[in-house]
Amino acid sequence: MQAVVDPPWDGDAWRTLARQAWCAGLAPEHLVWDGDPQAMLVAGPSLQALPATRPPPRVDADFPALVSTVACHTDPQRFALLYRLLWRMASGEPRLLERASDPDVQRVRMLEKAVRRDSHKMKAFVRFREVPGQDDHYIAWFEPAHRILDRVAPFFARRFAGMHWAILTPYRSVAWVGEALVYGPGATRGDAPSDDAQEALWRTYYAHIFNPARLNPTMMRSEMPQKYWKGLPEVALLPTLLREAGPRVQAMAERAPELPRRRIPLPAPEPASTVQGLDALREAAAACRGCPLWEPATRTVFGEGPHDARVVVVGEQPGDEEDLSGRPFVGPAGRLLDRALAELGIARERLWLTNAVKHFRFEPRGKRRLHRNPEVSHVRACRPWLQQELAALQPEVVVCLGATAAQAVFGGGFRLMEGRGRWHALEGARGLATVHPAWVLRQGDAASRDLAYAGFVDDLRLLVDHVG
């Protein structure tokens with residue numbers, strides 16, 4: 001019996017057919033997959049017409065991902081190999097894929113490695129060229145060894161989401177139209193532009209970053225096989241760069257040693273005490289280097305709101321979303337604060353929102369940035385900016401969210417849980433302290449969070465008479 005996978009690189013389509021064959025009890029030797037030279041000699045009923053005689057197969061957990069990769073290979077025996085592995089796993093050979101010495105496993109791993117390597121090469125060697133007469137439209141020509149376009153196209157969609165582009169290959173094409181990937185038939189090299197104005201700049205850049213001291217032609221040809229060279233504009237420079245590498249390395253060795261160049265620091269910002277007006281204060285704070293937090297942070301997160309605000313809300317420090325957007329209280333804690341204000345009928349737009357510390361302190365954890373509490377030195381370094389904000393606004397009420405904010409406003413001896421939810425005297429204003437909304441979110445279970453949130457709202461209820 002013959003099984004036809006359509007399209008022939010679709011792992012999901014293969015899985016559907018393989019499941020039907022297994023459920024019908026069709027052994028590997030009785031099934032010929034499309035692409036196999038024997039397929040032209042086989043005819044018979046379709047798999048869909050066969051009755052199911054047993055439940056779906058159970059396979060190793062990483063087998064579906066392996067199928068999706070190997071299906072892209074051009075080996076005509078790939079589907080037969082995959083079905084043989086499926087049959088063996090489902091017939092009583094669990095953890096088969098862990099047997100590195102098994103011939104079937106060795107073969108499928110070789111196919112998987114070839115597809116992954118080809119995918120890597122496509123990501124590295126695709127070169128987009130601008131379409132003449134169309135701004136921000138680009139086309140690239142690439143000749144993959146395997147049918148990997150559907151597999152790799154989402155990478156380019158994420159990488160170049162802001163422009164319109166297409167990638168042409170001999171068997172298939174794909175275009176990004178700004179919202180979705182659109183696939184089409186194959187093309188020829190002549191359908192793609194041969195050059196554009198950007199390539200001269202790219203060649204100049206490549207020549208300047210080429211390091212002759214690290215030249216290894218054998219390794220270079222291994223990592224950048226010559227079959228890809230015709231699509232790379234920098235290849236025209238390689239003969240000259242290779243020829244000049246020896247003299248350039250000798251000149252580098254003979255050059256007199258130089259002291260290392262150190263980064264030139266930005267000029268110190270104007271002291272906060274001398275800045276007048278909130279707009280000028282915001283601009284000056286953007287250049288603050290008073291503590292080390294400025295260096296890993298994306299930007300200074302200054303306060304925002306109306307310049308005649310009667311109520312100022314002071315948080316502890318920006319979070320991840322605030323650091324990226326440059327606005328205070330826009331992350332999860334900010335959304336919880338918005339919810340509480342809405343329940344009390346208080347418009348966020350009538351408040352000035354700021355933080356005691358203006359930079360995000362975090363700890364990298366993989367791709368995430370985890371919040372870390374600011375230290376006393378960070379609060380002390382930022383205190384002049386907060387003091388100038390309050391001096392410029394002259395509010396009636398200052399609300400402190402969290403212990404760090406409360407101690408920045410009321411002093412280091414303030415105890416938040418003892419003093420929360422009641423008025424405190426400040427020079428020219430009244431002060432109110434409560435927990436930070438992030439503290440509410442950190443409570444362990446739903447019941448604890450609901451109780452903490454109710455207390456948070458009750459504390460803020462004192463503001464109702466002060467916000468018109």
Worksheet item: For region 309-434, what is the Kirkwood estimate of the hydrodynamic radius, computed as the reciprocal of the mean inverse distance between distinct Cα atoms, to one decimal in Å?
Response: 15.0 Å
Worksheet entry | For the chain: lysine pairs under 27 Å (alpha-carbon distance), excluding those fewer than 8 apart on one chain | 12
Worksheet, complete the sentence: One checks the Cα atoms of region 404-468 and finds Rg and Dmax, in Å, of 12.9, 41
Worksheet item: How large is the Kirkwood hydrodynamic radius of the chain, in angstrom, based on all distinct alpha carbon pairs?
Response: 28.7 Å
Worksheet item: Which whole-Hz ³J(HN,Hα) couplings does region 361-375 yield from phi under the Karplus relation 6.51 cos²θ - 1.76 cosθ + 1.60, θ = phi - 60°, glycine and proline marked x?
Response: 9, 8, 10, x, 9, x, 8, 9, 10, 8, 4, 10, 5, x, 8
Discussion item. For Glu98, Glu389, which order do you get if you count the other beta carbons within 10 Å of each Cβ and list the fewest first?
Written reply: Glu98, Glu389
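Would you calculate the convex hull of the Cα atoms in region 2-120 and tell me its volume per residue in Å³?
101 Å³
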Worksheet entry | Point-charge dipole on Cβ atoms (K/R +1, D/E -1) for the chain, about Cα centre, debye to 20 | 1280 debye
Practice prompt. Could you give the spread of the C-alpha atoms of region 271-378 along their three principal axes, from largest to smallest, in whole angstroms?
Written response: 39, 38, 23
Worksheet item: Counting Lys +1, Arg +1, Asp -1, Glu -1, what net charge surrounds Ala391 among other residues with beta carbon under 13 Å of its beta carbon?
Response: -1
Worksheet item: Roughly how compact is region 126-191, stated as its Cα Rg over 2.2 N^0.38 Å to two decimals?
Response: 1.02
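Since every read-out is calculated from the coordinates, none of them should be taken as a lab result. A quick note: this is a predicted structure, and the numbers were derived from the prediction, not measured. Positions of Cβ are generated from backbone atoms using ideal geometry, with glycine treated the same way; all protein chains shown enter the neighbour counts.
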